[in-house]
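Heads up: the structure comes next, in structure tokens.
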Amino acid sequence: MPTTQLSEPPIRTPFDGPGATGISWAWIKWIQDLYSWVTNLLFSNIGGSLNVSQINATGTPGPTTALFGGNGTQGAWQVPAGGGGGGTVTSVALDGDGVVFDASVPGSPITTAGTLKPALAKYYQGNFLKTPTPGGPAVMSPWEAGPIGNLDLPADVVTSITDDTNVTGSIAAQDLTLGWTGQLGLARGGTDADLSATGGANEVLQQTTSGGAVTVGQLGNPSLKSYTKVDLTAQTNSIGSTTLFAVGASGAGTYRVSISAVTTTAGTSGDTLTVTIGWVNESGAATFTTATLDLSTLSAELDVTQILSSAASQNITYSTTVSAILGNPQYSLHLRLEYLG
């Protein structure tokens, strides 16, 4: 409100005074002051606060009432329609969803004071909380309980095996089962053949051509040189005819026998040793006998190589002859057989 006080009007009337012909200057000044005071009263800012009791309204202000005013009518303190009244809560209850939490919550309901403590739901071993798989990972779904299936696993987890020519397989639960079918091909390091009824003495697996089929038979490939060997030590007597190698049905050809004999214990003068190789060629039986080895001289050595031609399905043999007059000599014998083609 304006703080300037309006002065009292002049005591004399506006036209008072002898010979007055108009309004006095004192009244004119007071009228100007009155105009300024009224203007200031109507348009100046009103500061400070207004007490609720000073509001001109019907009814009684309180914690459940609000001030309502009509258009051009006196305001009134009233309870808002549809609520705002007092009330009390007599019971609070909580139920679990039966999936994540047990359906029954201990302590529920609370009627005076207490604490609600929901417990996690219980499941048998092998069950997990998961979202349903239909719709894929982009679809929001409520939780459910159950075992993990293939669709619940990441995309990089192997859940099945694709069978191929030889290997079959299956995955069930935690078990991986592998099976086998057919013959292992050459490209996989196999024979690509059923060998259940093949094989025999001196027979081997072989490929006669590069990349060819694997067959079973006796060695007949010139690239496989050494067929067999014999190493005997501390020999004191003659050795009768003994098979060095059994030539197979496909083994006919030229062979080389390397003979090495050494005196390891000297005898007396006149003690000797000879070595004989026997075989069957295209015409019939044949033999070769080495020169004599002096068994009376320690470390004396006999080294001989013999090339022979053997027919198929025949034996190549060896034998020794010891001539000891008075002494007790000993010798070692080393034989090597090679196929030359």
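Values in this text are rule-based calculations from the coordinates and carry no lab data. Remember, predicted model here, so these are calculated numbers, not experimental data. When we count neighbours, we look across all protein chains shown, and the Cβ atoms used for this are built from the backbone with ideal geometry, even at glycine.
Which three semi-axes in whole Å describe the equivalent ellipsoid of segment 239-289, each the square root of 5 times a Cα gyration tensor eigenvalue, listed largest first?
Its equivalent ellipsoid spans semi-axes of 30, 12, 9 Å.
Could you derive backbone 3J(HN,Hα) for segment 332-337 from the dihedral phi with the Karplus parameters 6.51, -1.76 and 1.60 (θ = phi - 60°), listing whole Hz in sequence and x where the residue is Gly or Pro?
10, 10, 10, 10, 9, 10
For labels at THR289 and TYR35 in the simple 7 Å Cα→Cβ model, what's the distance in nm?
17.2 nm
What Kirkwood radius, in Å to one decimal, follows from the Cα pairs of segment 241-339?
By the Kirkwood definition, the hydrodynamic radius is 14.2 Å.
Taking the number of other C-beta atoms within 10 Å as the exposure measure, put THR215, THR58 in order starting with the fewest.
Ascending number of Cβ neighbours within 10 Å: THR58, THR215.
Mind checking the full-extension length gain between ALA193 and THR254? Use 0.36 nm per residue of separation minus the Cα-Cα distance, one decimal, nm.
18.9 nm
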